[in-house]
Amino acid sequence: MTEKNILNVIDGTLRSVENNFKTFIEVLETTKNELILLENEKTQLSQDKKLLESEKLQLEEATKMLEAEKKELEFAKNKLEQETQEKEQKIGTMTEEQHRLLNEYEKVKVELSKFAKLAEEAESQELNFEKIQALLSIFRVLVEKIWQGQPHYKVLKVLHGEKEVMTREELKNTTGIGGAYILRAVQELANVNLVEHDIDSRTVTLKQRLYAKEALDKK
């Protein structure tokens with residue numbers, strides 16, 4: 001092989017190596033770019049994962065809050081239902097109590113009418129000790145068994161004490177009787193002019209004193 005041919009072979013080989021080297025460089029550059037892209041995608045995926053985990057935690061917290069609010073609402077609902085039931089029972093009890101008081105009031109009126117009739121008969125007759133004792137016994141039974149339990153009796157008794165003018169609230173607290181029963185008793189006592197009832201100020205004034213303040217204190 002001549003020197004010229006040798007040079008041509010060497011030159012061809014060098015060109016081949018140069019082309020291969022360029023190709024290798026291009027492959028390396030492409031691989032580098034792909035690695036950078038993969039690294040960026042990995043970073044983005046990591047960020048997306050953290051974001052999803054954060055959103056998951058927020059959803060779990062929101063779920064817990066909703067469950068707590070649901071329990072509170074259920075508790076409030078049950079409490080409201082219980083209070084409503086208790087109020088309904090109380091209203092029913094009040095209604096029964098009102099009927100009982102009305103029945104007792106009717107009994108009092110019957111007994112008073114009987115007592116009034118006996119008194120009228122006694123006025124036209126000569127009274128002896130036995131008749132007086134009998135009438136007083138009836139009156140004592142009326143007072144002890146019936147009148148003492150009635151709002152009318154308690155209201156009059158309180159107003160015959162130290163204060164002749166009291167509010168309905170004071171009468172309620174002093175006698176321990178419900179406001180509705182106090183109001184009814186006061187109105188009925190006012191109708192027979194035993195007390196004066198000022199609706200605006202809710203004050204009750206004794207109009208007719210049946211006995212002195214000191215009478216009940218004397219033995």
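Since every read-out is calculated from the coordinates, none of them should be taken as a lab result. Computed from a prediction, not measured in an experiment: that's the story for all the values here. Backbone-built Cβ (ideal geometry, glycine too); neighbour counts: all protein chains shown.
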query = Can you give the net charge of the other residues whose Cβ lies under 14 Å from the Cβ of residue 28, counting K and R as +1 and D and E as -1?
reply = -1
task = Please give the direction-averaged projected area of the C-alpha convex hull for the range 150-219, in square nanometres with one decimal.
result = 4.5 nm²
note = Under the 7 Å Cα-to-Cβ spin-label approximation, residue 52 and residue 200 lie apart by a distance in nanometres of 7.8 nm
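Calculate, in nm to one decimal, what residue 43 and residue 27 gain on full extension: separation in residues at 0.36 nm each, minus their alpha carbon distance.
On the way: separation 16, 0.36 × 16 = 5.76 nm, distance 2.40 nm.
Additional length available on full extension: 3.4 nm.
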